[in-house]
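Reviewing the structure listed below.
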Amino acid sequence: MKRYILAAGISSALLLSACSGTSTEEQLDAVLKETFDAEKDYRDTQSEMEKLESSEQEKFETIMALTQEEQEEVKTNAEEAIASVDERLELLETEKSSMGSAEEAFQEIDTVIEETEDEAMKDDLTALKTKMHERFDAHADFAAAYEGLAAEQKELYEMLSDEETELQVLQEKTAAVNDMNQEVQNAVTVFNEKTEQFNEMKNNLIEKLNADNE
């Protein structure tokens with residue numbers, strides 16, 4: 001099983017120039033900071049997910065190295081692997097909730113767009129909004145694929161713990177897990193790309209806003 005590392009998230013370095021009143025700069029700054037804070041639980045789950053995935057991979061390799069005479073040890077490792085999957089799914093729920101809170105916080109970008117008088121800036125802010133929603137959608141796709149993978153993995157571990165499971169059945173389930181592995185990896189790639197694109201757009205927009213205030 002591969003380890004799936006999502007991008008760290010939206011970058012926190014806003015550093016907008018100081019200005020008076022409820023300017024576009026200050027409004028955008030507030031929205032981005034609130035969104036960043038809402039993603040804290042998402043960021044925190046990443047290292048825990050990585051540890052579980054790494055440990056689970058070791059258990060899987062141990063199972064595959066054991067013989068039929070060591071079936072009790074196979075069962076023990078399989079049960080631990082199943083418990084690990086459940087723990088990962090709990091972390092995924094925390095991650096999904098965090099991203100949901102971030103999406104809700106980011107909705108305030110609509111107010112910033114509405115109250116911005118500069119048409120070019122409106123276009124830039126709208127593009128930023130679109131990119132962020134693409135990112136949220138990409139995370140939802142990742143979560144759905146990850147849940148599908150987890151279900152396949154649990155079934156594989158259960159089959160491995162049953163000494164009556166035929167080799168062909170195991171091979172077919174392993175192939176299904178590998179297919180889902182690739183689907184999850186593809187989703188991770190898309191999410192990371194959307195995150196990087198958002199951060200780049202955000203940084204360029206902040207530079208433009210700061211330049212306008214100089």
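The numbers here are math on the coordinates, done by the rules we state, and not lab data. Note that the coordinates shown come from a computational prediction; the quantities given were computed from them, not determined experimentally. Heads up, the Cβs are rebuilt from the backbone with ideal geometry, glycines too, and the neighbour counts pull from every protein chain shown.
Rounded to the nearest Hz, the phi-derived 3J(HN,Hα) couplings of the range 125-132 under the Karplus curve 6.51 cos²θ - 1.76 cosθ + 1.60 (θ = phi - 60°) are 5, 5, 5, 5, 4, 4, 5, 5, where x marks glycine and proline.
Label-to-label distance for residue 94 and residue 208 is 3.8 nm, based on points extended 7 Å past Cα in the beta-carbon direction. Ignoring lysines fewer than eight residues from residue 129 along the same chain, the ones with Cα atoms less than 30 angstrom from its Cα are 33, 40, 96, 194, 202, 208.
Among 95, 172, 25, the largest mean-square fluctuation in a Gaussian network model of the chain, built with springs joining Cα atoms closer than 10 Å, belongs to 172.
Select one label from (1) 19.5; (2) 19.0; (3) 17.2: the one whose number is Kirkwood radius over Cα pairs in Å as derived from the coordinates shown. After the calculation, the listed value that fits is (1). Taken over the range 54-130, the ratio of Cα radius of gyration to 2.2 N^0.38 Å equals 2.11. Only alpha carbons enter this Debye calculation for the range 34-78, each as an equal point scatterer, and the log10 of I(q)/I(0) it gives at q = 0.14 Å⁻¹ is -0.49. Each residue of the range 96-104 was assigned a 3J(HN,Hα) from its phi angle through the Karplus curve 6.51 cos²θ - 1.76 cosθ + 1.60 (θ = phi - 60°); the sequence is 5, 5, 4, 5, x, 5, 5, 5, 5 Hz, with glycine and proline shown as x. Phi-derived couplings, Karplus 6.51 cos²θ - 1.76 cosθ + 1.60 at θ = phi - 60°, listed residue by residue for the range 177-188: 5, 5, 5, 5, 3, 5, 5, 5, 4, 4, 5, 4 Hz, with x used for Gly and Pro.
In this simple spin-label approximation, residue 79 and residue 136 carry label points 7 Å from Cα along the Cα→Cβ vector, and these lie 4.3 nm apart. From helices alone, the chain scores -29500 deg cm²/dmol at 222 nm; the rule is -39500 (n - 2.57) for each run of n ≥ 4 DSSP H residues, then divide by the residue total.
Which residue fluctuates most in the GNM of the chain (Cα springs below 10 Å): 170, 92, 128? Maximum among the listed residues: 170.
Efficiency by 1/(1 + (r/R0)^6): what FRET value for residue 169 and residue 54, r their Cβ-Cβ distance, R0 = 35 Å, to the nearest 0.05? After rounding to 0.05, the efficiency reads 0.80. Take the alpha-carbon centre of the range 62-112, take the same for the range 163-182, and report the distance between them in whole Å. Using only Cα atoms to place each centre, the spacing works out to 20 Å. Taking every C-alpha pair closer than 8 Å and separated by at least 6 residues, the mean separation divided by the residue count of the range 24-213 gives a relative contact order of 28 percent. Per-residue Cβ neighbour counts within 10 Å put 35, 67 in the sequence 67, 35, beginning with the fewest.
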